[in-house]
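Below is one structure, written out as structure tokens; comments come after it.
The values are calculated or read from the model by the stated rules, or taken from the named source; none is laboratory data. Since we're looking at a predicted model, the values are computed, not measured. Every residue, glycine as well, gets a Cβ built from its backbone with ideal geometry; the counts of neighbours run over all protein chains shown. SASA here: full protein model, heavy atoms, side chains in, ligands and nucleic acids out. Shrake-Rupley method; radii C 1.70, N 1.55, O 1.52, S 1.80 Å.
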Amino acid sequence: MTLGLEPDEQRSLAERVRSGDSSAEEELVRAFGPRLLRLIRVWTRDEEAAREILNDSLFTVVRALREGRVREPEHLAAFVCGTARNCSRTSQRPRARRPVHEELSPDAVLYDPRDEMDESSRRALVREETARLGPVDQSILELSLVGGFTLAEVGQRLGLTHEAARARKS
């Protein structure tokens, strides 16, 4: 994707931004901004979010150019589009992770597992099942769940790698 600029023009523009030419930064915004905004609108379906992502993307690109982090300046358009795509995905993650909160009436609860066991029965079951585990697995659970240690710390205390502690806890 060239967004209307040939590879030599993209390289030249990138080099001018790298050298601190503010008119080159304005040219970059004019060259890529309108088409990029259309792409981001398609990705987000939200005009306000698209404008914000466009600004973030162009700022990130200019900063990367100034710092010399663009390895192939002749492919500046691809870098700009990739940066915009990453910014778009990053901005959409928090929205996608937000749980949907819906109030339920007390009558809507059909099954509550607490109804089957009282607290003492649950504790007895946990002790019984924990006793079936080997001593290392018991230590992993105790240190991580009761002691509040991270799995890396648990592994270090027990002479295991973080990955081994994580796998055994699962």
### Query
Can you pull out the residues in the range 5-64 that are closer than 13 Å to Val80 by Cβ and of a type in the set (Ser, Thr, Tyr)?
Ser57, Thr60
### Message
Out of everything in the range 29-40 that is under 28 Å from the mean Cα position of the chain (by Cα) and free of Cβ contacts under 8 Å to residues at least 40 places away in the same chain, what residue ends up being most open to solvent (accessible area, probe 1.4 Å)?
### Response
Arg38
### Query
Name the residues in the range 1-20 that are over 29 Å from the mean Cα position of the chain (by Cα), part of a loop (DSSP other than H, G, I, E, B) and surrounded by 14 or more Cβ atoms within 10 Å (Cβ to Cβ), would you?
Leu5
### Message
Can you go through Ala96, Ala84 and tell me which one is under 18 Å from the mean Cα position of the chain (by Cα), modelled with pLDDT under 90, assigned to a helix (DSSP H, G or I) and of a type in the set (A, V, I, L, M)?
### Response
Ala96
### Message
For the range 41-76, give me the residue count where each residue is touching a residue at least 40 places away in the same chain (Cβ under 8 Å), closer than 15 Å to Thr90 by Cβ and open to solvent by 80 Å² or more (accessible area, probe 1.4 Å).
### Response
0
